[in-house]
Amino acid sequence: MAKERVVYDRIENYTKLRDIYLRHGINLTRFSTHEARKLLEILDTSNVQIRRIISNAKTIETKARYERIAREIRRITNEMAAGLDGQLEFDFMELAEEETRFVENAMRIIGVTADFDLPAPAKIWAAASFGTYSGYRSKETYESYLNTLGDNVFKTWDTNVRSGYLFGLTSQQINRAVLGSVKDMEPGQMQQLRRSLETNTRTMVSHLAETARTETYKKNSRLFSGYMYVGTLDSRTCLVCGSLDRKVFKGADPPEKPVLPQHPNCRCLWLPEIKGMEGFDDDDTRASVNGPVPAKMSYEDWLKTQPEDVQRDILGPSRFAAFKNGTDLGSFVPDGKTLTIEQLKQTIEFSGFTINEKWEDADGNIKTIKIEYGNEAGSIENRENSLYINEARRIEDSLKSYKYEVGTILDEKGNIVWQGSQGEYSSVSPPSGLVKDNIITHNHPMDGTFTPDDIYSFIMEQGLELRASTTMGVTYSLRRTETIDKSFYINYVEVVNEHIEPIKAEARSLGLSKLESDRYLARKLTKILDPWLLENSYEYGFIYTIENTR
């Protein structure tokens, strides 16, 4: 068999490769906008169906009606998630084929004449869909994101339908809370999920396209000696991407090569280096926000040429001072992606007592750090003479090391009415009817205070006291008085919703396992919710206390 002859002609045009890829990136952005609109249509159609169901119900007067509507909402959101997944797979299979053709055509334009071996679209889809992409500061698969979106659409509607049942809201009020009002320029709660779908669709398109190109490079590895990371020279480029700009990763498939996109709205790309043609653009220019600059100029070199106010705006005051003193850009992103464990420790703003805690990083390594927990403020109600309190504390102490939630219902004499578990670390559901005028205590393995579901069930079941114990010997208590205001639940949900997404984003950025991310979220939320509960609970007819038995 004759040896394949690879011909490099029109070598002077090699410097066009970067421009070809950049123009193609613009076209991909336009395609991702089109794809986002198609997926948003599926979401909007589901919302119209749910709105119709709620409108037909007029009011949510009984628990049975609420449960029937909730089942219908769950059915529609499940169908929506399946529809989104099917549409994405159909469109992405076609995109995968087009991206492999793009690589072949780009190589021919710059003068690489060779027999290209193109991977099958089905293989690209499998590689992309089973791998993870960088969602909103977290790793997602296409399926996991779409399933989570379906759950969040359900929860958004379900929370408002629950409120309708609890407070006698009309169907119009429920629909308006979720969908908003164009007339009054109210965005509605669904708007955040629509933005999430739009952003993630663009990111998924970028991820699929990059996967298709990478698979094409692998199939034709004889042609490539490495890959250059190309960022954008402007103030919108993040420090992670900026520190990698123009870095070359050698080899056909270097294991340390970061996966693109590195984050939502990432504009970076991999430029393949062709064997025998490395460095041919060194005397050329590249674009920047300030105009053409030498092609060899990296993001860090460009940043050094910018006015100090631009540097300070990009880096922040502390990093700016270090940068001016000669610290290189890569030092601000030690491992190229996430914070170190020491930095993790510094982000948790607790004070008081200290314990050793084991955390699992993104690579599965277990590391021990010290975390300080606050000396909780607020008066602790003296209930030492209550007949049930010693039994409740005995049960709570026995559950400190449990990985799953266990619920116990006590009467005022300390007798156990019910005890059980669903084997989940963040959920336990006592039987309906047993909580009324009794005490419900359960352990929180994630070490947080009450969830909105805890509060809702406690109010609806008319319990006397709600308790949640942690692995650290802290027990949170919410006890009702003679007259309560049920709007307490709605206001509590609003406080949680105001803070939960930023904390989730922060937790995901740390590269922790799912379990440790949930614990991080619970603890950070508690530091916000504790002061609110201590200050506001009594206004709604409840007494919130914190017992520390350490």
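The values are calculated or read from the model by the stated rules, or taken from the named source; none is laboratory data. Nothing here was measured: the structure is a model prediction, and the numbers come from that model. No Cβ is skipped: glycine too gets one built from the backbone with ideal geometry, and neighbour counts run over all protein chains shown.
State yes or no: is Tyr165 aromatic (Phe, Trp, Tyr), within 12 Å of the chain's Cα centre (by Cα), at pLDDT below 90 and not assigned by TED's automatic domain parsing to the domain that holds Ile503?
Numbers: aromatic (Phe, Trp, Tyr): yes; within 12 Å of the chain's Cα centre (by Cα): no; at pLDDT below 90: yes; not assigned by TED's automatic domain parsing to the domain that holds Ile503: yes.
Here the answer is no, as Tyr165 does not meet what is asked.
Considering the range 480-489 alone, what residues qualify as being crowded, with 18+ Cβ neighbours inside 10 Å and under 17 Å from Leu534 (Cβ atoms)?
Those that are crowded, with 18+ Cβ neighbours inside 10 Å and under 17 Å from Leu534 (Cβ atoms): Arg480, Phe488.
So in the range 191-211, with the set limited to residues that are among the hydrophobic types (A, V, I, L, M, F, W, C) and at pLDDT 90 or above, which one is farthest from Val493 (Cα to Cα)? Talk me through it step by step, then tell me what you get.
Restricting attention to the range 191-211, the residues satisfying the condition of being among the hydrophobic types (A, V, I, L, M, F, W, C) are 193, 197, 204-205, 208-209.
If we keep only those that are at pLDDT 90 or above as well, we get 197, 204-205, 208-209.
Values: Leu197: 23, Met204: 31, Val205: 34, Leu208: 37, Ala209: 39 Å.
Checked the range 191-211; the qualifying residue farthest from Val493 (Cα to Cα) is Ala209.
Might you let me know whether the range 237-257 holds any residue that is among the hydroxyl-bearing types (Ser, Thr, Tyr), under 30 Å from Glu89 (Cβ atoms) and either in the same structural domain as Phe92 (by TED's automatic domain parsing) or within 25 Å of the chain's Cα centre (by Cα) (or both)?
At the first step, the residues of the range 237-257 found to be among the hydroxyl-bearing types (Ser, Thr, Tyr) are 237, 243.
Adding the requirement that they be under 30 Å from Glu89 (Cβ atoms) leaves none.
No - not one qualifying residue is present in the range 237-257.
I need the full set of residues from the range 226-263 which are surrounded by fewer than 17 Cβ atoms within 10 Å (Cβ to Cβ) and part of a strand (DSSP E or B), in order please.
Correct list: Val248, Lys250.
Identify, from the list Ile73, Ile54, Ile69, the residue that is buried (at least 17 other Cβ atoms within 10 Å of the Cβ) and in contact with a Phe, Trp or Tyr (Cβ under 6 Å, 6 or more places away or on another chain).
Within the list Ile73, Ile54, Ile69, the selection yields Ile73.
Please pick out the residue among Thr526, Thr545 that is under 16 Å from Asp454 (Cβ atoms), modelled with pLDDT of 90 or more and of a type in the set (S, T, N, Q). Don't jump to the end; show me each part of the working.
Working: Thr545 fails: modelled with pLDDT of 90 or more.
Answer to the selection: Thr526.
Determine whether the range 313-325 contains at least one residue that is outside the structural domain of Met107 (by TED's automatic domain parsing), in a loop (DSSP other than H, G, I, E, B), modelled with pLDDT under 85 and over 25 Å from Arg508 (Cβ atoms). Talk me through it step by step, then tell me what you get.
Narrowing the range 313-325 to residues outside the structural domain of Met107 (by TED's automatic domain parsing): 313-325.
Right, trim to in a loop (DSSP other than H, G, I, E, B) and you get 316, 325.
Among the residues that remain, those that are also modelled with pLDDT under 85 are: 316, 325.
Then drop every residue that is not over 25 Å from Arg508 (Cβ atoms), which leaves 325.
Yes.
For the range 430-454, give me the residue count where each residue is of a type in the set (Gly, Ala, Ser) and more than 22 Å from the chain's Cα centre (by Cα). Show your work before the answer.
Applying the first criterion (of a type in the set (Gly, Ala, Ser)) to the range 430-454 yields 432-433, 448.
Now drop any that are not more than 22 Å from the chain's Cα centre (by Cα), which leaves 432-433.
Number satisfying all stated conditions: 2.
Based on what the data block shows, is Ser163 in contact (Cβ under 8 Å) with a residue 60 or more places away in the chain, buried (at least 19 other Cβ atoms within 10 Å of the Cβ), polar (S, T, N, Q) and within 30 Å of Ile490 (Cα to Cα)?
Numbers: in contact (Cβ under 8 Å) with a residue 60 or more places away in the chain: yes; buried (at least 19 other Cβ atoms within 10 Å of the Cβ): yes; polar (S, T, N, Q): yes; within 30 Å of Ile490 (Cα to Cα): yes.
Taking the combined requirement at face value, the residue satisfies it.
Which residues, taken from the range 480-518, are in contact with an Asp or Glu (Cβ under 6 Å, 6 or more places away or on another chain) and either in a helix (DSSP H, G or I) or on the phi > 0 side of the Ramachandran plot (or both)? Before the answer, list the steps.
Of all residues in the range 480-518, those in contact with an Asp or Glu (Cβ under 6 Å, 6 or more places away or on another chain) come to 511, 513, 516.
Hits for the range 480-518 are Gly511, Glu516.
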